[in-house]
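In what follows, a single structure is set out as structure tokens and then discussed.
What follows draws every value from the coordinates through simple rules; no lab data is involved. Just so it is clear, the structure is predicted and the values come from calculations on it, not from any experiment. For neighbour counting, all protein chains shown are included, and Cβ atoms are generated from backbone atoms with ideal geometry for every residue, glycine included.
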Amino acid sequence: MDIQFLGAAGTVTGSCYLFRVGKAKFLLECGQIQGSRVAEAQNREPLPIQMQEIDAIVLSHAHIDHSGRLPWLKRQGYDGPIYTHHASHALCEIMLRDAAYLNEKDAEWENRKRQRKGLPNIEPLYTQDDAAAVMDQFTGIEYEERREILPGVEIRLTDAGHILGAAIVELWLTEDNTTKKVVFSGDLGHRGAPVMIGPAPVEQADLVIMESTYGNRNHRSTEATLEELRSVFEAARANRGNVIIPAFAVGRTQDLIYLLEKHYDDWHIGDWQVFLDSPMAIQATEVYSQFDHLYSAKLFGERSHRPTLKNLAMSRSAADSMAINRMQSGAIVIAGSGMCSGGRVMHHLKHNVWRPECHLVIVGYQAYGTIGRQLVDGRSHIKLWGELIKVNAQIHTVGGLSAHADQTGLLDWYRHFQGSPPVYLIHGERPQQTALRQALHSEFAAEVTIPEREDRIQLN
């Protein structure tokens, strides 16, 4: 038995791990690498296994850095099953189609430049047809359901508390009458998040593969986060500007809608027009209404797929989005994408980021190479569609709304394991991983390894 780390090793995105158990071979995750163009070019690199050799795929949740290469696998010839939670299946239908659309647009944009240079065209990483076709291979699983998916391979999904349907994956792997239990954390949620409940504890493992996105720090308290949001809206109202919030369509968007409704009076939200300017986020919010038994927050009215926030406008069309940009003040705009790496938020940045009276609220992780990361790092200018634009807007980084556990949350989750099993840290940059390794070793005397991409470890 062995595991090979094919992605999210030393980086945050591109989650992908190849398991070999007896004659069975399966992938845990196959996410898209996000960030700079150099990093994203790695999405086209072949896996060290033929498509016909992959017997199954297990998916922890729908975020593109975990699921985003599934249509690419389909395009390469993979036709086996994909096991995930029912809610993740529903979200993937939306998110993979949107990712495919963006891939097609990126290829179209690149090919215009290549044609002017006399270079051959490139194909998109995958198409919307590929994304639609791969959905037929999904098999939904409930939380806590233990299932054999291959000879010698059993899985169970438990609630990771990250986004709707996100799962911790427990794997029982048997070869030559020897069984090893591997626990993959997936992305662990932040306990005390507005909508989702905290990650479920797991007590037994022979090896833990654990995320480390925020392994070197703790988030702001809920109280400090809410006070900061209140002060942002108060300052923006006094400045007579707009508030732009680049938000991930799944998770952060629903948190924001819930908080705006909950604090409607004390934040004076009624003084604003709130726009959800992301077709994908609108569709994802409708999926949240279908699975409201998975969380305790009240987002929707009785028998309604529409959020209860009174002054929320759903901007479904491009014309709806463009109309927002004619507003000089009084708009709170929640728009995709969350890292400012594409989507409608780019247009809102173009119309607002140079205006000192406007406010930009960053509520999630920003990968290296993205415009969101440049804004967080204090760049004086950003480039949008080749145009250099001055950054005059006030930038706020609100860490308390993260959908990821912080260092304390990660340590608390690991604390439930009996016997301090060995840990492999993935989904983090080196400073975060080094700090979490030190904390795990100091508090639990855990043996902690930070794998490199392509590393392969034996289990028996």
Alpha-carbon centroids, the stretch 291-313 and the stretch 109-139: separation in whole Å: 36 Å
So, in Å, what gap is there between the alpha-carbon centers of the stretch 187-251 and the stretch 51-83? 28 Å
For the stretch 66-78, just list the computed ³J(HN,Hα) in residue order, Karplus coefficients 6.51, -1.76 and 1.60, θ = phi - 60°, integers in Hz, with x standing in for Gly and Pro. 10, 10, x, 9, 4, x, 5, 4, 4, 4, 7, x, 6
Are there chymotrypsin sites (Phe, Trp or Tyr not before Pro) in the stretch 360-460 that DSSP marks as loop and that have at most 11 other Cβ atoms within 10 Å, and which are they? Trp385
In degrees rounded to 10, the 0-90 angle between helix 279-290 Cα long axis and the longest Cα principal axis of the chain is 60 degrees
Treating the angle as unsigned and between 0 and 90°, give the value, to the nearest 10°, between the Cα long axis of helix 86-116 and the longest Cα principal axis of the chain. 70 degrees
How much mean residue ellipticity at 222 nm does the chain get from its helices, if each DSSP H run of length 4 or more adds -39500 (n - 2.57) and you divide by all residues, to the nearest 500 deg cm²/dmol? -9000 deg cm²/dmol
Whole-Hz ³J(HN,Hα) from phi, Karplus 6.51 cos²θ - 1.76 cosθ + 1.60, for the stretch 54-63, glycine and proline x: 7, 8, 6, 10, 10, 10, 6, 6, 8, 3
If you filter the stretch 198-281 for GluC sites (Glu not before Pro), then keep DSSP loop positions with at most 14 other Cβ within 10 Å, what is left? Glu203
Please order His416, His351 by the number of other Cβ within 10 Å, starting at the fewest. His416, His351
In order over the stretch 25-31: 3J(HN,Hα) from phi, Karplus 6.51/-1.76/1.60, θ = phi - 60°, whole Hz, x for each Gly or Pro, gives 9, 8, 9, 9, 6, 7, x
Dipole of the chain [Lys/Arg +1, Asp/Glu -1 at C-beta], most positive-end residue of Ile244, Ala131, Tyr414: Ile244
Write out the trypsin sites (Lys or Arg not before Pro) in the stretch 1-107 meeting two conditions: DSSP loop, and at most 14 other Cβ atoms within 10 Å of their Cβ. Lys23
With Cα coordinates, the longest principal axis of the chain makes an angle with the long axis of helix 222-239, in degrees rounded to 10, of 30 degrees
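Quick one: Arg373, Arg147, fewest Cβ neighbours within 10 Å first, how do they rank? Don't jump to the answer; show the numbers that get you there.
On the way: Arg373 19, Arg147 13.
The order, fewest Cβ neighbours first, is Arg147, Arg373.
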For the stretch 222-401, with +1 on Lys and Arg beta carbons and -1 on Asp and Glu, the positive-most of Gln394, Ser296, Ser321 along the dipole: Ser321
Any residue on another chain or 5+ positions along whose placed amide H is under 5 Å from the amide H of Gly10 is listed here as His427, Gly428
